[in-house]
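Down below is the structure, laid out as structure tokens.
The values are calculated or read from the model by the stated rules, or taken from the named source; none is laboratory data. Since the structure is predicted, the reported quantities are computational estimates derived from the model, not experimental observations. A quick note on method: Cβ atoms are made from the backbone with ideal geometry, for glycine too, and the neighbour counts reach across all protein chains shown.
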């Protein structure tokens, strides 16, 4: 039994030694810098390379011959996961390792430094003070007057018999800890978003309901989508006097399980609808269909299909039969939602142009296009890590600001009617030297006033 216990102790000491060595390696500043640079490069790649596109899109934009920059091809992008950088195992591992490095550095360096800075530490011998960069020996100067001067300058002062210790700017020691903690919170927010967030897109015709179905990206921990139902009350576009798109709008409502509307907002680009962690963005638009009437017939609804013209412009079109046997018809082309449309014959020759609400007489038929049905492109995003990221950035700004405070210390010791004063600071050395000289000057003035 004794041998077993001794063996267990030996193994535990070995594991502890390996653990401490591993923590020392992880806490190395050089490792943290390398990790940060690799994360930055990977994030840039995820920004430059389109994320979540189809295989055909990558094959078209990143061919093998010639390869972009001589090496970047669609195969390399898929192998490395550069088409979904922020969900890859290696990117998440980098975030975890960088966070571990920050926490190890904080526990081994920043936290002990703060504990030392918080202690009241008196110097016992004059030699200790005289070895400081700033020191002065004053004759017949009371220690109490020094304490009062330092307190007026914002120092925390402690005295014990003939010894004095004062400090200020302890926030400068806390700042790096706040910075590291904030970076860890930001990394955690990124991890939470990557693992539990999702991105979906829906193209919804004006006046119709929709459900969340078409998922573009989803985190590894996403098992099912929230039962989101919505209604596009209306979609419309404002155009400039020159005919260009100025802004497109969607009157969007969200519904509960019984079909009752629980919230409603008119969204446009850079003005989304936010509801319970979901954000609905206005991203694109299209034309879904049209409504028309032949002579005095009821209003008919027909779908349209998008296509690209020879000049690269996106158009929408459909074919309209003009006879019951479908032997004669015209092609209807719509360039936008401003109400203009064009009619072409079966040989592709332009017959005429028209506007919504105006009747055209073709092949003994009065054709009236009553309405164009626009469709809105919605992007629905869920990122539970965003509040953590915002909190982390707020803490990061606070920590950086705190780090600019100088941690200044002053010691005093009275021996045989002589006052030994000295001090040091961790930054802003010139400012501290001026303050130290000002302390000596005020001490001299007060001493002269006391003698009078």
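What about residue 190, is it assigned to a helix (DSSP H, G or I), at negative phi and either buried (at least 21 other Cβ atoms within 10 Å of the Cβ) or touching a strand residue (DSSP E or B) at 6+ places or on another chain (Cβ under 6 Å) (or both)?
Yes; evaluated as a whole, the condition is true for this residue.
Where the second residue is surrounded by fewer than 15 Cβ atoms within 10 Å (Cβ to Cβ) and modelled with pLDDT of 85 or more and the first is in the same structural domain as residue 106 (by TED's automatic domain parsing) and lies in region 26-41, which pairs have Cβ atoms under 7 Å and are six or more apart or on separate chains?
Qualifying pairs under 7 Å: none.
Residue by residue through region 257-313, note down the ones that are touching a strand residue (DSSP E or B) at 6+ places or on another chain (Cβ under 7 Å), within 27 Å of residue 367 (Cβ to Cβ) and free of Cβ contacts under 8 Å to residues at least 60 places away in the same chain.
300, 302, 303, 304, 305, 306, 307, 308, 309
Name the one entry in 102, 78 that is within 30 Å of residue 409 (Cβ to Cβ), surrounded by 14 or more Cβ atoms within 10 Å (Cβ to Cβ) and not assigned by TED's automatic domain parsing to the domain that holds residue 432.
Among 102, 78, only 102 is within 30 Å of residue 409 (Cβ to Cβ), surrounded by 14 or more Cβ atoms within 10 Å (Cβ to Cβ) and not assigned by TED's automatic domain parsing to the domain that holds residue 432.
For residues in region 119-144 being touching a helix residue (DSSP H, G or I) at 6+ places or on another chain (Cβ under 8 Å) and surrounded by 16 or more Cβ atoms within 10 Å (Cβ to Cβ), which is modelled with the lowest pLDDT?
141
Among the residues of region 83-140, which ones are assigned to a helix (DSSP H, G or I) and within 13 Å of residue 421 (Cβ to Cβ)?
Scanning region 83-140 gives 126, 128, 129, 130.
Here are the criteria: (1) part of a helix (DSSP H, G or I); (2) within 30 Å of residue 220 (Cα to Cα); (3) over 27 Å from the mean Cα position of the chain (by Cα). Tell me which single one residue 41 does not satisfy.
It is condition (3) that residue 41 fails.
Any residue in region 390-404 that is closer than 24 Å to residue 194 by Cβ, in contact with a strand residue (DSSP E or B) (Cβ under 6 Å, 6 or more places away or on another chain) and touching a residue at least 40 places away in the same chain (Cβ under 8 Å)?
no
Can you tell me how many residues in region 343-365 are within 26 Å of residue 285 (Cβ to Cβ), assigned to a strand (DSSP E or B) and without any contact (Cβ under 8 Å) to a residue 12 or more places away in the chain?
Matching residues across region 343-365 total 1.
For region 302-318, what are the residues that are part of a strand (DSSP E or B) and more than 23 Å from residue 371 (Cβ to Cβ)?
We begin by selecting, within region 302-318, every residue part of a strand (DSSP E or B); these are 302-303, 305-308, 314-318.
Selection gives 308 alone.
Can you tell me how many residues within region 52-78 are in contact with a strand residue (DSSP E or B) (Cβ under 7 Å, 6 or more places away or on another chain) and under 21 Å from residue 201 (Cβ atoms)?
Number satisfying all stated conditions: 1.
Inspect region 217-235 for any residue being assigned to a strand (DSSP E or B), under 25 Å from the mean Cα position of the chain (by Cα) and farther than 26 Å from residue 357 by Cβ and give the result as yes or no.
Within region 217-235, one or more residues are assigned to a strand (DSSP E or B), under 25 Å from the mean Cα position of the chain (by Cα) and farther than 26 Å from residue 357 by Cβ.
So for region 319-334 (the condition being modelled with pLDDT of 90 or more, assigned to a loop (DSSP other than H, G, I, E, B) and closer than 21 Å to residue 375 by Cβ), does at least one residue qualify?
no
Only one residue in 278, 326 is closer than 30 Å to residue 86 by Cβ and either under 29 Å from the mean Cα position of the chain (by Cα) or in the same structural domain as residue 358 (by TED's automatic domain parsing) (or both). Which one?
278 is the lone residue from the list that is closer than 30 Å to residue 86 by Cβ and either under 29 Å from the mean Cα position of the chain (by Cα) or in the same structural domain as residue 358 (by TED's automatic domain parsing) (or both).
Considering region 44-56 alone, what residues qualify as being within 28 Å of residue 93 (Cα to Cα) and part of a helix (DSSP H, G or I)?
44, 45, 46, 47, 48, 55
Looking only at region 366-423, how many residues end up being in contact with a helix residue (DSSP H, G or I) (Cβ under 9 Å, 6 or more places away or on another chain) and part of a loop (DSSP other than H, G, I, E, B)?
Count: 7.
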